[in-house]
Each structure stands twice: as structure tokens, then as C-alpha cells.
Amino acid sequence: MSHATSLRKTLSTLAAGLFVALALAASARPAAADFRLCNNTPSRVGVAVGYKDADGWTTEGWWNLPSRTCETVLKGNLVARFYYVYAIDYDRGGEWTGRAYMCTRDREFTIRGIGDCLAHGYDRTGFFEVDTGEQRAWTVQLTESAEQPPQKPLPPGNQLNAPPAGAGATSTPVPGKPGNKTP
């Protein structure tokens, strides 16, 4: 084999390798920065989420999570440090609730504002607080009460017309505390 033929083969192999490397680099995505919920129960669960962004308070729902599944409910970098979650067990009853009152309704919704829910024809629902610690992404695990670690309750006297900017629950609610599944 001549030197020129050997050189062409080497260059061809390098070009193919470079092409593969560039294709892999182009297809690589940065880590997802989303707000996810995981239903770690044997039941189907409905979920609503509340948060404050540059335009004010918003509540959204319903995401229906089958048993033992996770779903991204808000895509992209988190816009707030604190998020609020309400969930209901469709199959066995009970709910994950808290003391942060926001507006919901029975069918799919996006509601701006958290005041005067009843006057606007909405339900007034207690959400539990999730402190994301200003992370870019967060996952909340909904579990049965016996499986959940301790959390900090909301401060006493909190009327939650404006949910607190401070202390809150962990992302897995606990029996007898805000955000716990109750029968």
C-alpha cells in the first residue's frame, strides 16, 4: 500500500470519527431544569400547582398521574423559590394539602391571583409549600404517609393571602403536618 493510500485511509477514519463526535456533541442537551411530581402510590392522583412569577400568583391544574409515575408539570428553569402543591387520591380518597390557600376548580385551569376565590367562582384549596432552595429543577415525591420524612410546618398565624417567603415543608409531606395525605 502506498503512503498516499495509507494517508487517505487515516484521514477518512479521522473525518468519520470527528463527524461522530460532533454529532454526539450537537445532540447532547443541558440537564433538564423542570418542576416534576412523582406519584409513588398505588393510586391515580390529580395534582395542582401554585407559584409566584413576575406577573403575580398563578395556580394551574390538573395533571393526572397514574400510579408509580412521574411527570414534568412546569418546564424550564424554576421561576420561584417556593412552589405550592395540592394533590388528591382519585382511587382511595384522601389528599395532600396544606395551609397556603389558593384558587382551584374541578376541571383544567390556569388562574391568576389567589384572593377572593369563592367570589370569582373558584374553590379555595389548601396547598402545601415546597422550598426548592432556589435550585433550577425540583422533583416532589407524593408518597403514602408512613413513608414520609419529617418537615417544617408553616409559621403560626399565616393567613396565606400571600404565601410566606420563608420557612416551609420538604417536598415529601408527612402525617399530621401541612401537605400530608389525609383520609
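Could you check the simple spin-label distance between residue 120 and residue 44, using points 7 Å along Cα→Cβ, in nm with one decimal?
2.8
May I ask you to derive the FRET efficiency for residue 106 and residue 54 from their Cβ-Cβ distance with R0 = 35 Å, giving the value to the nearest 0.05? All intermediate terms of the calculation are to be shown ahead of the outcome.
On the way: r = 29 Å, r/R0 = 0.82.
FRET efficiency, residue 106 to residue 54: 0.75.
If R0 is 25 Å, what FRET efficiency do you get for residue 79 and residue 144 from their C-beta distance, rounded to 0.05?
Computed FRET efficiency for residue 79 and residue 144 comes out at 0.25.
The numbers here are math on the coordinates, done by the rules we state, and not lab data. A quick note: this is a predicted structure, and the numbers were derived from the prediction, not measured. Because the Cβ atoms are built from the backbone with ideal geometry, glycine has one as well, and the counts that use them run over all protein chains shown.
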